[in-house]
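Report on the following structure.
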Amino acid sequence: MIVMAGRQAQPMFPVGPFYVKDLSLYGFTIFNATPDEQRKCAEDINRWLAEKKLCPVIGRTFRLAEAAEAHRLQEANTLQKASTLTGKIILLP
């Protein structure tokens, strides 16, 4: 499980189902990780994506020419809490 959130975020976490399955969750803050730790994490994430073991939710896809619109959507959902986006924003060339 990968949990990504900003410093002020308070993401919901399903404690009950997680607890009864006797699972563990390990994490780190990217700004505290060494370059080698960041590289290792990037390699793992890229491998999981390639193996289809990690399937991120894609909320919206934009062309690079629409980057300003994508940025406005991100700001609306992070700063103004618009709740109009679930998932990641993807920019395509």
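The values are calculated or read from the model by the stated rules, or taken from the named source; none is laboratory data. As the structure is a prediction and not an experimental result, all values here were calculated from the model. Positions of Cβ are generated from backbone atoms using ideal geometry, with glycine treated the same way; all protein chains shown enter the neighbour counts. Ligands, DNA and RNA are excluded from the accessible area calculation, which covers all protein heavy atoms including side chains. Shrake-Rupley method; radii C 1.70, N 1.55, O 1.52, S 1.80 Å.
The string of couplings for the range 11-17 from the Karplus curve (6.51, -1.76, 1.60, θ = phi - 60°) is x, 6, 10, x, 4, x, x Hz, one whole number per residue in order, with x for Gly and Pro.
Solvent-accessible area of the range 51-90 (1.4 angstrom probe, protein heavy atoms only): carbon and sulfur portion equals 54 percent. A simple spin-label model places the labels of Lys81 and Arg39 4.2 nm from each other, with each point 7 Å out along Cα-to-Cβ.
Couplings 3J(HN,Hα) for the range 58-69, derived from phi with the Karplus relation 6.51 cos²θ - 1.76 cosθ + 1.60 (θ = phi - 60°), are 9, x, 8, 10, 10, 7, 4, 5, 9, 4, 5, 5 Hz, where x marks Gly and Pro.
Taking Rh as the Kirkwood radius, which is the inverse of the mean 1/r over Cα pairs, what is the Rg/Rh value for the chain?
On the way: Rg = 15.8 Å, Rh = 15.8 Å.
Reported Rg/Rh (Cα atoms, Kirkwood Rh): 1.00.
In this calculation the C-beta distance from Glu66 to Phe13 is compared with R0 = 35 Å, giving a FRET efficiency of 0.60.
If you roll a 1.4 Å probe over the heavy atoms of the protein chains, what accessible area per residue do you get for the chain, in Å²? Working shown, then result.
Details: 8160 Å² over 93 residues.
Heavy-atom accessible area per residue stands at 88 Å².
Taking the Cα centre of the chain as the origin and placing charges on Cβ (Lys, Arg +1; Asp, Glu -1), which of Pro35, Phe62, Val20 is farthest toward the positive end of the dipole? Sorting the options by dipole projection puts first Phe62.
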